[in-house]
Structure formats: C-alpha cells, structure tokens
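The values are calculated or read from the model by the stated rules, or taken from the named source; none is laboratory data. Computed from a prediction, not measured in an experiment: that's the story for all the values here. Ideal geometry is used to build each Cβ from the backbone, glycine not excepted, and the neighbour counts take in all protein chains shown. Note: areas computed on protein heavy atoms with side chains; ligands, DNA, RNA excluded. Shrake-Rupley method; radii C 1.70, N 1.55, O 1.52, S 1.80 Å.
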Amino acid sequence: MTVLGAIEAGGTKFVCGIGNEQGEVLERASFPTATPAETMENVISFFEGKGIEALGVGSFGPIDPIEGSDTYGYITTTPKPHWGNYNLIGKLKEHFDVPMGFDTDVNGAALGESIWGAAKGLDSCLYITIGTGIGAGALVGGKLIHGLSHPEMGHILVRRHPEDTYEGTCPYHGDCLEGLAAGPSLEKRWKVKGHELSVDHPAWEMEAYYLAQALMSYVLILSPQKIIMGGGVMKQEQLFPLVRSKLQELLNGYVQHPSLTTDIDQYIVSPGLGDNAGLCGALALAKEKLSR
Ligand code: ADP
Ligand code: ZN
C-alpha cells in the first residue's frame, strides 16, 4: 500500500492526514494557523517517521502553483500576517524528499471529488467553497485549471440585489462575489452570525441571488459536468433549492442540457466527500503527483 501525506492548509487551521490511493484517511491531526515557524513545526513532526511516499498540499492563497516559476510552492500575496511570500513547499522539501503536489485548496477539492466523490467518473467539475472567503477550483478535460497562476473565481463581479445596501467586505474590490456573499459579509450585513439566521430569513434569498449569478458565469465559461458547493455557509441546506431555481431563471433555457433542466438536483450538490473534501483533495494532489 502506498502511504500518502496530505495537508489542507487553511487560514484558520492546517489539517494533516495520512491516507492511501483509495482516498481513505487513516490518521489526521489539526493545528492552528499561527506563525509559519510554529505551524510548520507541528506539521513536520506529524509526518516524521510515517514513511510518506508523496505529499499533497491544498492551500489557501493566493499561491504560486506553476512548476518552473521562481516562486513555485509559495503562498504569495496573502494579507494574512507572516504568511505573505512564504515558501511552503520549500520548507517541506527540507524535511521530506518525496514528490509533492501543490495547488489551491479548491482545485484539490475538485480533483478529490472527481476521483472519489460527487463527480466520480467525470472529467470536468467545479468545486466552490462559501466560507470565510469564496473560492472555486475546476477540472476541465481531466486537468485542473492553471494559466498565469490559478483561477480566482470568488472575486468575479455580480449584479447587485435591488434591496442590498451593504457595501461589501472585499479589501480589493468591495462588492465582488466574495465581498457580498462570503460568511463574514452575511454577518456584517444582517448583524447576526450566519448560523443564527432562520431558514426563512430573506438573507438566504439574497445569498442565492449572488451565488446563482456566479454559477451562471461558471456554467457559461467552463461548462462543468457537475457543480459541488461546500464550505460553512452551504451548511444551510435551504440554499441548494434556491440556488438551483435562480440559476434556471437566469439561464432562461439558453443552455439546453438535462443537467440544467430536469436533473438539476443531481447537478448542483454538496461534497460527496463531506467535511473531508479539503483533506481528500490534498490526498488527491499527492496521488496525482505520484502517478505523473
Ligand atoms: P473556512 O472558510 O475558514 O475554511 P468554513 O468553510 O467553515 O471555514 O467557513 C466559515 C464561515 O462560514 C464563517 O463566516 C461562518 O460564519 C460561516 N458558517 C459556518 N457555519 C455556518 C452555518 N451553519 N450557517 C451559516 N454560516 C455558517
Ligand atoms: Zn474581491
């Protein structure tokens, strides 16, 4: 059996795991995201002596996932204190001489879902997380999307809801998708924690209004075979039917495919890997690196 290591590097915590090529997580531990020195000491001692043969890292970003680039393996321009311009893969390479896969947390999650989860057997899918921020990753033609760097699909512009006067939280763009629809903007707009809003609160209709616009853009640009929606905010199950029907309204029949018409309940879904989507995503990055 091949022993794979996985790191879900988040802005709040780093989740480390040992798993295999079947996507099974055999051991895991979680460490708060403190300074790089403190965090990486925990991470490195977790993996020491475990005999990992490859390591996958799905990270918060922005990151540089382009092999051959001078800053490959770095967390680049994050506003998170101490982590800007940090050579994450370089640090791990000092301790583990194994192949390492490195990508965004959401690209990893999209890959993991396509191997073991809700998009199993498909060669395209999109994974979006709506949590502290909004990010999406996508597999198209069997490959994760990269270009100049990685996509930043959480920062697209959306049409404002007619009743929304909230200015938006994004430090770069104000009222981009993340600025209007991530967990913190929900809380600032309605002045209560997201999980304290009742299921029939108008907040959810507004939330779905923004999310459906984003999905419309992704459908039109990438044409994914499955859309998987995860993250803390999507624990609000009532969002799923709202997002599905608003997407249908927006598309207005223009893209004629059963996935968007009769079968939309199976098209827009929650992660097949559940709360393991992030960690299994990192595991998938390790598996992919080893097979290349
Ligand atoms: P992160 O994005 O940091 O990885 P999460 O995906 O858990 O973590 O997202 C955290 C965000 O989601 C917070 O803004 C939180 O308020 C919001 N959130 C978490 N659980 C819920 C819930 N049940 N309902 C609504 N919002 C939630
Ligand atoms: Zn933005």
Say we join alpha carbon atoms closer than 10 Å with springs in a Gaussian network model of the chain; which of Asp275, Asp200, Asp97 then has the biggest fluctuation?
-> Asp200
Of all DSSP beta bridges in the chain, what percent run antiparallel (nearest 5)?
-> 60
Selected from Val192, Val43, Val25 as most flexible by GNM, with the chain as the system and alpha-carbon contacts under 10 Å = Val192
Alpha-carbon Debye profile of segment 198-292, log10 I(q)/I(0) at 0.10, 0.21 Å⁻¹ = -0.32, -1.06
Candidate span helices, the chain: DSSP H, at least 27 Å along axis from Cα coords, Kyte-Doolittle average at least 0.5, result 202-222
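Hey, what number do you get for the chain at 222 nm if only DSSP H runs of n ≥ 4 count, each worth -39500 (n - 2.57), divided across all residues, to the nearest 500?
-10000 deg cm²/dmol
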Please identify, among Ser149, Ser114, Ser59, the residue showing maximal mean-square fluctuation in a Gaussian network model of the chain using a 10 angstrom Cα cutoff.
-> Ser149
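Tell me which GluC sites (Glu not before Pro) from segment 198-281 have a DSSP coil assignment and no more than 10 other beta carbons within 10 Å of their own. Walk me through the intermediate numbers first.
Values: sites: Glu205, Glu207, Glu237, Glu249; in loops: Glu237.
Hits after loop and neighbour filter: Glu237.
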Over all viewing directions the Cα convex hull of segment 1-151 casts an average projected area in nm² of 8.8
Charge dipole magnitude, Cβ of K and R +1, D and E -1 - the chain, Cα centre, debye nearest 20 = 140
Given that compact globular proteins tend to follow 2.2 N^0.38 Å, what is the ratio of the alpha-carbon Rg of segment 84-202 to that value?
-> 1.30
Reduced Cα scattering model of segment 90-129, Debye log10 I(q)/I(0), q = 0.35 Å⁻¹ | -1.15
Hey, what does the equivalent ellipsoid look like for the chain, semi-axes from the Cα gyration tensor as sqrt of 5 times each eigenvalue, largest first, whole Å?
-> 32, 22, 17
If you roll a 1.4 Å probe over the chain with all protein chains in place, what percent of the accessible area is carbon or sulfur?
-> 52
Which value, in Å², gives the accessible area per residue of the chain when a 1.4 Å probe is used on the protein heavy atoms?
-> 45
Just in segment 116-181: which chymotrypsin sites (Phe, Trp or Tyr not before Pro) are loop by DSSP and have at most 10 other Cβ atoms within 10 Å?
-> Tyr172
Place +1 on the Cβ of every Lys and Arg and -1 on the Cβ of every Asp and Glu in segment 10-80, take the dipole about the Cα centre, and give the residue among Thr12, Thr76, Phe60 whose Cα lies farthest towards its positive end.
-> Thr12
Hey, got the dipole for segment 10-158? About the Cα centre, +1 on K and R Cβ, -1 on D and E Cβ, debye to the nearest 20?
-> 320
Could you pull out the trypsin sites (Lys or Arg not before Pro) across segment 151-225 that fall in loop regions by DSSP (anything but H, G, I, E, B) with no more than 10 other Cβ atoms inside 10 Å?
-> Arg159, Lys191, Lys193
Overall dimensions of segment 121-270 by Cα: Rg and Dmax, Å | 14.8, 43
